[in-house]
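The structure appears right after this line, and notes come after that.
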Amino acid sequence: MGTVMLKVGDLALMQDYYQRALGLDVVAEADGGVYLGRGSTPLVHLQPAHGLPVAARGEAGLFHTAILFRDRASLAATVASAARFNPRSFAGSADHLVSEAFYFTDPEGNGIELYYDKPREGWQWQDGSVVMDSLFLPPQEYLSTNLTEEAVAGQHAAGADVGHVHLQVGDMQTAQEFYVDTLGFERTAGWHGQALFVSAGKYHHHMAMNVWNSKGAGPRKDTLGLGEVLIHLPAEDDLGALADRLKHRGISSHHTGLELRFEDPWRNKLRVAVA
């Protein structure tokens, strides 16, 4: 997964949050906005979009952007800074068996997950699906156990990536047909017909879709929130094969040779590029 672009109403407010709460740095100022990340890796692109309305809770769009940390101490350092910056932005935590996750909401209502992956050898698979759950994960105990002075001091130097992107959509069958049958992701898990988890390379999930707030939602309006999701492919042949699948299914796309731009059935914008 690559950079997630967010359309924002107040660039200064949002940049302040992602820098001070999440410990991200400005990687570049380009394309009419600001790229924030760790080291040279951009994670979030904030794009000014003055005048656009805030998306309604039940509309399709972003559920959360999930930032993956390399170790528990690095995760704990950012959880601590986010909670300290604005305790009311904390939305919960959970042990998912494959990962340990903490949830926040940015000043314009975009969901954020901060997480650490447990070792892959401990993941369990049943009938082709990865076993996940949402078990209680006490945040204060987690910080007491994992937060170190070294991690706090080295927060900005600690690597992080966009681990997955979770979307709100209108229905699960259409999501399966688009993200699995057309794009080529592998289905890794579901949840009572209300959520779908997909990945490449037997990861627990690179993308997810749910209808918890958005069941029956139609195509998105132009609002604040999710602007675009970037997905990386390893080779130009993979990009060409995806372009052929989109064309075969009658899905409009723009192919530059190095990247492909198109929309999902809810008008969530996707950009697929050669890594």
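The values are calculated or read from the model by the stated rules, or taken from the named source; none is laboratory data. Here the structure is a predicted model, which is why all the values come from computation and not from measurement. For neighbour counting, all protein chains shown are included, and Cβ atoms are generated from backbone atoms with ideal geometry for every residue, glycine included.
The table below gives the values:
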{"read-out": "Answer residue from segment 100-120, given it is in contact with a Gly (Cβ under 8 Å, 6 or more places away or on another chain) and within 17 Å of Glu141 (Cα to Cα) and is surrounded by the most Cβ atoms within 10 Å (Cβ to Cβ) among those", "value": "Phe102"}
{"read-out": "Whichever residue in segment 127-173 is polar (S, T, N, Q) and over 22 Å from Ala76 (Cβ atoms) and, among such residues, is surrounded by the fewest Cβ atoms within 10 Å (Cβ to Cβ)", "value": "Gln173"}
{"read-out": "One residue from Val26, Val54 being surrounded by fewer than 16 Cβ atoms within 10 Å (Cβ to Cβ), in a strand (DSSP E or B) and touching a Leu at 6+ places or on another chain (Cβ under 7 Å)", "value": "Val26"}
{"read-out": "Verdict on Leu6 being more than 30 Å from Gly218 (Cβ to Cβ), in contact (Cβ under 8 Å) with a residue 60 or more places away in the chain and assigned to a strand (DSSP E or B)", "value": "no"}
{"read-out": "Test: residue in segment 59-72 that is part of a strand (DSSP E or B), β-branched (Val, Ile, Thr) and at pLDDT 95 or above", "value": "yes"}
{"read-out": "Checklist (1) buried (at least 19 other Cβ atoms within 10 Å of the Cβ); (2) in contact (Cβ under 8 Å) with a residue 40 or more places away in the chain; (3) under 16 Å from the mean Cα position of the chain (by Cα) applied to Val79, failing item", "value": "(3)"}
{"read-out": "Residues satisfying the stated conditions in segment 254-268, i.e. exposed (fewer than 15 other Cβ atoms within 10 Å of the Cβ) and at negative phi", "value": "His254, Thr256, Leu258"}
{"read-out": "Extreme residue, nearest to the chain's Cα centre (by Cα), among residues of segment 203-218 that are surrounded by fewer than 18 Cβ atoms within 10 Å (Cβ to Cβ), within 19 Å of His166 (Cβ to Cβ) and of a type outside the set (Phe, Trp, Tyr)", "value": "Asn213"}
{"read-out": "Flag for Leu114 being under 17 Å from the mean Cα position of the chain (by Cα) and either in a helix (DSSP H, G or I) or more than 24 Å from Asn210 (Cβ to Cβ) (or both)", "value": "no"}
{"read-out": "Enumeration of residues in segment 104-161 that are on the phi > 0 side of the Ramachandran plot and among the acidic types (Asp, Glu)", "value": "Asp127"}
{"read-out": "Residues satisfying the stated conditions in segment 84-111, i.e. among the charged types (D, E, K, R) and assigned to a loop (DSSP other than H, G, I, E, B)", "value": "Asp106, Glu108"}
{"read-out": "Selection within segment 178-195 - hydrophobic (A, V, I, L, M, F, W, C), assigned to a helix (DSSP H, G or I) and touching a strand residue (DSSP E or B) at 6+ places or on another chain (Cβ under 6 Å)", "value": "Val180"}
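Table: residues versus (1) assigned to a loop (DSSP other than H, G, I, E, B); (2) touching a Gly at 6+ places or on another chain (Cβ under 6 Å); (3) closer than 27 Å to Met132 by Cβ.
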| residue | (1), (2), (3) |
| --- | --- |
| Gly216 | yes, yes, yes |
| Leu226 | no, yes, yes |
| Val229 | no, no, yes |
| Asp244 | no, no, no |
| Gly250 | yes, no, no |
| Leu270 | no, no, yes |
